[in-house]
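Asker: Before I ask anything, here is the structure I am working with.
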Amino acid sequence: MKKFIDVTIKPLLIVGGIGTALAGANAFFPEFALANVQHIEWVQDYTIFVQHWGIMVCLMGVFMVAAAFIESWRTPIMLYSMIEKAFMVFLVVSNSSASYSDGFYVPATMDAIITVYSVIYFIELSKKNNTVTN
């Protein structure tokens, strides 16, 4: 499994990071993004929240891409990303009966894949750390 992680970590962080960074559309074009990406009604009263969420998720994606090239960033970025993405999957699944979750199935699928990959990454990292200390 270590070989798998070694070969796939950079592509996963780059592709997953770019996909994650696309949420930046919510920060800069909130009305368009909500209507055309998430397929939920634009409510102007929530502009600040939508834009704030959009930039936070966009930056998570940017940091994921950076972590593909800066190895010392990988563990903290992957840990934060795994927690954030697992919670997003939980939210979409737990709200799947509500129509407002419909526009989040594609991002939640990507987040689920990255979450599972991250769990494997941390298992392998733990094995590596145990080998070094023993």
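Asker: Give region 59-74 a look and list any residue that's open to solvent by less than 20 Å² (accessible area, probe 1.4 Å) and in contact with a Leu (Cβ under 8 Å, 6 or more places away or on another chain), or say none.
Answerer: Passing the criteria: G61, M64, A67, A68.
Asker: Also: Filter region 85-106 for residues that are open to solvent by 50 Å² or more (accessible area, probe 1.4 Å) and within 15 Å of the chain's Cα centre (by Cα) and give the result.
Answerer: Within region 85-106, F87, F90, L91, Y105, V106 qualify.
Asker: Now, a different point. K128 fails exactly one of the following numbered conditions: (1) without any contact (Cβ under 8 Å) to a residue 24 or more places away in the chain; (2) open to solvent by 50 Å² or more (accessible area, probe 1.4 Å). What is the number of that condition?
Answerer: In the conditions (1) without any contact (Cβ under 8 Å) to a residue 24 or more places away in the chain; (2) open to solvent by 50 Å² or more (accessible area, probe 1.4 Å), K128 misses (1) alone.
Asker: Just to be sure I understand, how many residues within region 67-98 are of a type in the set (G, A, S), touching a residue at least 24 places away in the same chain (Cβ under 8 Å) and out of contact with any Lys or Arg (no Cβ under 7 Å at 6 or more places or on another chain)? First the steps, then the outcome.
Answerer: Applying the first criterion (of a type in the set (G, A, S)) to region 67-98 yields 67-68, 72, 81, 86, 94, 96-98.
Next, only the ones that are touching a residue at least 24 places away in the same chain (Cβ under 8 Å) stay: 67-68, 81, 86.
Okay, now just the ones that are also out of contact with any Lys or Arg (no Cβ under 7 Å at 6 or more places or on another chain), so 81, 86.
Count: 2.
Asker: Mind listing just one residue for me: the one in region 22-42 that is surrounded by 19 or more Cβ atoms within 10 Å (Cβ to Cβ) and small (G, A, S) and, of those, farthest from Y100 (Cα to Cα)?
Answerer: Residue satisfying both the conditions and the ranking: G24.
Asker: Quick check on D45: is it open to solvent by 50 Å² or more (accessible area, probe 1.4 Å), closer than 22 Å to G19 by Cβ and of a type in the set (D, E)? Break it down into steps so the answer makes sense when it comes.
Answerer: Working: open to solvent by 50 Å² or more (accessible area, probe 1.4 Å): yes; closer than 22 Å to G19 by Cβ: no; of a type in the set (D, E): yes.
Spelling it out, it is not the case that D45 is open to solvent by 50 Å² or more (accessible area, probe 1.4 Å), closer than 22 Å to G19 by Cβ and of a type in the set (D, E).
Asker: Moving on. Looking at V37, V7 in this structure, which one is out of contact with any helix residue (DSSP H, G or I) (no Cβ under 8 Å at 6 or more places or on another chain) and hydrophobic (A, V, I, L, M, F, W, C)?
Answerer: V7
The values are calculated or read from the model by the stated rules, or taken from the named source; none is laboratory data. Computed from a predicted structure; not experimentally measured. Cβ sites come from the backbone with ideal geometry, for glycine too, and all protein chains shown count toward neighbours. SASA here: full protein model, heavy atoms, side chains in, ligands and nucleic acids out. Shrake-Rupley method; radii C 1.70, N 1.55, O 1.52, S 1.80 Å.
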